[in-house]
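None of the figures in this text is laboratory data; all of them are computed from the coordinates on show. Everything numeric here is computed off the predicted structure, so don't read it as measured data. We place every Cβ from the backbone using ideal geometry, glycine too, and count neighbours over all the protein chains shown.
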Amino acid sequence: MRLNLATTKKHLATALLPFAALGSAGWNFLDQKQRELIFRPELDQSAGLAVDLNYQELWIPLARSAANGVASAMLHAWWLPAARADAPVILFLHGARWSLYGNANRIAYWHALGYALLAIDYRGFGKSPGTLPTEASVYEDAQSAWAFLQRLQPGVTRRFVYGHSLGGAIAIDLAAKNDDLAGVIVESTFTSIRDMAKIVASRWLPLGPVVTHRFDSLSKIASINAPVLFIHGTADEVVPHQMSLRLHAAAREPKRLAIFPDAGHGDTCWKGDAAYRSAVQKFVAESAA
């Protein structure tokens with residue numbers, strides 16, 4: 001369906017007027033709506049698995065600052081050890097909407113590459129407690145999982161973080177704040193929520209002041225000291241692959257870029273398969289050396 005931009009502009013501008021009039025209540029409502037649009041968690045915590053992952057179910061304690069004094073605050077996680085004891089270990093950060101269960105096929109694919117995986121659900125996803133996440137809360141969740149991973153794999157050269165889509169933005173934030181990792185792999189991720197909003201609303205609407213959850217990866221990417229691999233499909237219908245080109249251009253060396261023709265937002269590993277495996281395994285081997 002083709003949108004009438006003039007009509008859409010009028011509707012969006014009209015929709016924003018009440019927030020200025022309502023003050024803090026209006027901005028709180030806008031913040032809530034942004035969180036709903038960004039995270040969109042589905043209630044799939046009891047969904048059946050289409051693949052046999054043979055995972056170990058774990059509960060990861062939140063860092064004290066994130067738990068905010070609640071002793072029972074925990075994150076639900078899956079631990080998938082590798083066949084080799086010295087295999088690299090990857091913190092797996094999924095994207096929006098689906099929990100671990102909805103990401104089971106992707107998790108299985110990555111585990112089959114020969115790596116150990118620690119995959120988590122952010123608060124508000126799957127079995128992890130909470131309702132609707134915030135940008136700050138998912139960053140805290142990733143940091144708590146990283147602290148847990150450090151105990152699972154003490155060797156810095158064997159620790160990696162992978163994030164898909166929104167998970168890529170979370171992985172970039174984590175890597176910008178922590179130097180004790182061997183490499184970062186981000187797939188189908190974006191430069192910032194503000195840039196994503198411009199795609200939807202176009203440039204005629206000044207969105208900057210109303211975007212409260214920014215996930216500004218472009219401003220953080222140069223702060224990462226570890227090697228970074230950017231993966232994207234040219235047929236991504238959600239996040240334009242040019243965003244990975246911009247992130248790659250802004251990142252420090254060593255960095256790698258793997259672009260897959262005709263791959264979409266969620267099927268790059270399957271459509272690219274052999275080339276995808278090669279790009280990931282070569283990057284991990286070089287970074288862990």
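Pull out the extension gain between ARG40 and ALA112, defined as 0.36 nm times the separation in residues minus the alpha carbon to alpha carbon distance; nm, one decimal.
Fully extending the segment from ARG40 to ALA112 adds 23.1 nm.
Could you list the trypsin sites (Lys or Arg not before Pro) in segment 227-267 that lie in coil according to DSSP, counting only those with at most 15 other Cβ atoms within 10 Å of their Cβ?
Listed in order of number, the matching sites are ARG252.
Under the classification rounded if a/c is under 1.5, otherwise prolate if a/b is larger than b/c and oblate if not, where does segment 156-289 fall, given a ≥ b ≥ c as square roots of the Cα gyration tensor eigenvalues?
It is oblate, given that a/c is not under 1.5 and a/b is not larger than b/c.
Each residue of segment 74-85 in order: what ³J(HN,Hα) in whole Hz does its phi give by Karplus 6.51 cos²θ - 1.76 cosθ + 1.60, θ = phi - 60°, with x for Gly and Pro?
9, 9, 7, 8, 10, 10, 10, x, 8, 5, 8, 5
Could you tally the net charge around VAL138, taking each other residue with its Cβ under 9 Å from the Cβ of VAL138, Lys/Arg +1 and Asp/Glu -1?
-3
All other residues with a Cβ under 14 Å from the Cβ of GLU286 taken together, and with Lys, Arg as +1 and Asp, Glu as -1, what is their net charge?
On the way: positive: ARG158, LYS255, ARG256, LYS282; negative: GLU253.
Local net charge: +3.
What is the sum of charges, Lys and Arg at +1 and Asp and Glu at -1, for the other residues whose Cβ falls under 10 Å from the Cβ of LEU247?
+3
So how much slack lies between ILE199 and SER278, counting 0.36 nm per residue of separation and subtracting their Cα-Cα distance, in nm? Show your work: numbers first, answer last.
Values: separation 79, 0.36 × 79 = 28.44 nm, distance 3.22 nm.
Gain on stretching ILE199 to SER278: 25.2 nm.
Karplus couplings for segment 185-199 from phi (6.51 cos²θ - 1.76 cosθ + 1.60, θ = phi - 60°), rounded to Hz, Gly and Pro as x?
Per residue, the Karplus-derived 3J(HN,Hα) values read 10, 10, 10, 6, 9, 10, 6, 5, 5, 4, 5, 5, 5, 5, 5 Hz.
Report the full-extension gain for the segment ALA285 to THR157: residue separation times 0.36 nm, less the Cα-Cα distance, to one decimal in nm.
Full extension of this stretch gives 45.1 nm more.
Any idea how far apart GLU237 and GLU57 come out in nm if each label point goes 7 Å out from Cα toward Cβ?
So the two model labels end up 3.4 nm from each other.
Kirkwood Rh, segment 122-201, all Cα pairs: how many Å?
Every distinct Cα pair counted, the radius reaches 13.7 Å.
Going by a ≥ b ≥ c, the root eigenvalues of the Cα gyration tensor, does segment 123-169 fall in the rounded group (a/c under 1.5), the prolate group (a/b larger than b/c) or the oblate group?
In terms of gyration-tensor shape, prolate.
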